[in-house]
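Okay, so here's the structure we're looking at.
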Amino acid sequence: MTATILDGKAFAAKVRAQVGEHVARLKAQHGLTPGLAVVLVGEDPASQVYVKSKGKQTVEVGMNSYEHRLAVDTSQEDLLALIATLNADPAVHGILVQLPLPGHLNEDLVINSIDPAKDVDGFHISNVGLLSTGQKSMVPCTPLGCLMLLRDHHGSLSGLSAVVVGRSNIVGKPMAQLLLRDSCTVTIAHSRTHDLAAVCRAADILVAAVGRPEMVPGDWVKPGATVIDVGINRIERGGKTVLVGDVDFGSAAAVAGAITPVPGGVGPMTIACLLANTLTATCRANGLPEPEGLTA
Ligand code: NDP
């Protein structure tokens, strides 16, 4: 069997185009321009790349992008003061604080100081609670992107057996909640799971969000299953630095029914979903109907 490749790059371009059309309509019909504020503390190179890319794509879909780059030794008090200003600013509909924060800052406190209605990352404790109780919330971008790819491929996910490997607050747990909401039978696996291979082999949908290069081989994949590889790992191969996922793509693609590649799978969906969330937040803040197909 040769798996269908779930092309996240192409899908993300479609999502961005849809967001762009909605933004144009908001401007024309309501005089509204969605605004996304991104806060970066320090000079972590990977974070700088993400923030630059987020800013560029925000502007490309017609939104306003507000970047706040703060020194690495910014105090918690100053960061919280900035967030309070952004919370109160009606031109800002979405706020994202780039993680990880420098060690002297309390991430939970900072995230929970964001207005939940502007929490486009979906990490605020209120949004986590709303998602886990099946209520309308802001949904974390990476799991939302995975869900969009899965719904597009399968239509209904109802009754499918889903295994999520990884239980982080930003990927594993919200992914599991979303799959449960779509009526999958969900197992969350992690570093203490016994016989992970057998657990994975039972999955119709296998999501790997671990951070270990090519950890999931093809013989952990049920024939015909859909494999979503969230991992982004930089490794040295043939004298070059290459990006690989948490799944061994070659052996898994020979068994799976469908699979996301790395790069070009889940990765591009994350920023597209950030833009979709910013649009959703703008609509909600103004009592307007939410864009169809762009929320969970
Ligand atoms: P975390 O490090 O926060 O979580 C990793 C999870 O994997 C933990 O729950 C851990 O279990 C589990 N784990 C670690 N080793 C094993 C093992 N040997 N067997 C089974 N489970 C294991 O990572 P994140 O969730 O933040 O990210 C996961 C991956 O996704 C990374 O590669 C990251 O770069 C990528 N990522 C990609 C994004 C994208 O846009 N595509 C966005 C965010 C992340 P335990 O809890 O027991 O320690």
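Taking amide H as placed 1.01 Å from N in the peptide plane, the amide H of Val41 sits under 5 Å from that of Leu70, Gln98, each at least 5 places away or on another chain. Close amide H contacts of Thr4 (hydrogens built in the peptide plane, cut-off under 5 Å, sequence separation of 5 or more or a different chain): Ala258, Ile259.
For the chain, excluding the exposed loop sites themselves (GluC sites (Glu not before Pro), DSSP loop, at most 14 other Cβ atoms within 10 Å), the longest remaining stretch covers 44-291.
Can you tally the net charge around Val247? Count Lys and Arg as +1, Asp and Glu as -1, for every other residue whose Cβ sits under 11 Å from the Cβ of Val247. Here the count lands on -3. From least to most packed, judged by other beta carbons within 10 angstrom and beginning with the fewest, Met63, Met138 follow the order Met63, Met138. Note on Glu292 and Lys56: the model spin-label points, each 7 Å out from Cα along the C-beta direction, lie 3.3 nm apart. With neighbours defined as other Cβ atoms within 10 Å of a residue's Cβ, the residues Ser126, Ser75, Ser156 order from fewest to most as Ser156, Ser75, Ser126.
Between Glu67 and Leu99, what FRET efficiency comes out of the Förster formula 1/(1 + (r/R0)^6) with R0 = 22 Å and r the beta carbon distance, rounded to 0.05? Once the sixth-power term is evaluated, E becomes 0.90. Holding the Cα-Cα limit at 20 Å, pick out from Lys9/Lys56; Lys54/Lys240; Lys136/Lys173; Lys14/Lys173; Lys9/Lys173; Lys9/Lys52 the pairs that are longer than that. Violating the 20 Å Cα-Cα cut-off are Lys54/Lys240; Lys14/Lys173; Lys9/Lys173. The length gained on full extension between Ala10 and Lys136, counted as 0.36 nm times the residue separation minus their Cα-Cα distance, comes to 42.6 nm. Note on region 57-75 and region 153-216: Cα centroid distance 33 Å, given to the nearest whole angstrom. Phi angles across region 55-63 convert, under the Karplus curve 6.51 cos²θ - 1.76 cosθ + 1.60 with θ = phi - 60°, into 3J(HN,Hα) values of x, 4, 5, 4, 5, 4, 8, x, 8 Hz, Gly and Pro given as x.
Taking square-rooted eigenvalues a ≥ b ≥ c of the alpha carbon gyration tensor, is region 31-116 rounded, prolate or oblate, where a/c under 1.5 means rounded and, failing that, a/b exceeding b/c means prolate? Cα axes put region 31-116 in the oblate bin.
Count the net charge of all other residues whose Cβ sits under 14 Å from the Cβ of Asp115, scoring Lys and Arg as +1 and Asp and Glu as -1.
Spelling it out: positives minus negatives among the neighbours equals -1.
Residues in region 218-229 carry Karplus couplings, in order, of x, 7, 9, 9, 5, x, x, 5, 9, 10, 10, 9 Hz; the curve used is 6.51 cos²θ - 1.76 cosθ + 1.60 with θ = phi - 60°, and Gly or Pro positions show x.
Let me know the charge dipole size of region 54-125 about its Cα centre in debye, to the nearest 20, where only the beta-carbon of Lys, Arg (+1) and Asp, Glu (-1) is charged.
260 debye
What net charge do the residues around Ile188 carry, taking every other residue with its C-beta under 13 Å from that of Ile188, with Lys and Arg at +1 and Asp and Glu at -1? Overall, the nearby charge balance is +3. Per-residue Cβ neighbour counts within 10 Å put His22, His68, His154, His93 in the sequence His154, His68, His22, His93, beginning with the fewest.
Laboratory data are not the source of any read-out in this text; all were calculated from the coordinates shown. Predicted model, so just to flag it, every value in this text is computed and none were measured. Using ideal geometry, Cβ is built from the backbone for each residue, glycine included, and neighbour counts are taken over all protein chains shown.
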